[in-house]
Amino acid sequence: MKESFGEYIRQLRKSKDYTLTQLAAKLNMDSANLSKIETGKREFDEKRLQLLANEFGLDLKELKDEYFSELVAKKLYDNQCSDKVFQLAEEKIKYMKLKNTKQAKLKLTNS
């Protein structure tokens, strides 16, 4: 997906010929807020990702990847970070995964 998450939602909505009001009702939200999300004036609520995935038959993991990638991209862009941030972030993620794996093994052996 190259468009914003809000534009992606708009494409999904239009693919099923839903009005803003119809989709907003399915996502338990106000249509004015959905309109703001589609136009990039407001962020989508992470808690509604499951509802969105269910409504359009989307893989939740892939939808989360799209959603969080935009949040990260916005934060990095707003703070004028260099491309080096991606390498550093990847290293930190590897560290977190390794740390969690070690902690899980310790819990199993101490049980």
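The table that follows gives values for the structure above.
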item	result
Dipole of the chain, positive end: most advanced residue of THR21, LEU88, ASN33 [Cβ charges, Cα centre]	LEU88
Structure-based [θ]222 nm, the chain - -39500 (n - 2.57) summed over DSSP H runs of at least 4, per residue, nearest 500	-23000 deg cm²/dmol
Computed over the chain, the ratio Rg/Rh where both radii use C-alpha atoms and Rh is Kirkwood	1.11
Of LYS16/LYS97; LYS36/LYS99; LYS74/LYS102; LYS16/LYS36; LYS16/LYS84; LYS36/LYS61, those spanning more than 30 Å from alpha-carbon to alpha-carbon	LYS16/LYS97; LYS36/LYS99; LYS74/LYS102; LYS16/LYS84
Cβ charges +1 (Lys, Arg) and -1 (Asp, Glu), total dipole of the range 5-80, debye	200 debye
Those trypsin sites (Lys or Arg not before Pro) in the range 1-110 that DSSP places in a loop and that have at most 16 other beta carbons within 10 Å	LYS2, LYS16, LYS41, ARG42
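Taken together, the values in this text are just the output of simple stated rules run on the coordinates, not laboratory data. Computed from a predicted model, the values in this text were never measured in an experiment. For neighbour counting, all protein chains shown are included, and Cβ atoms are generated from backbone atoms with ideal geometry for every residue, glycine included.
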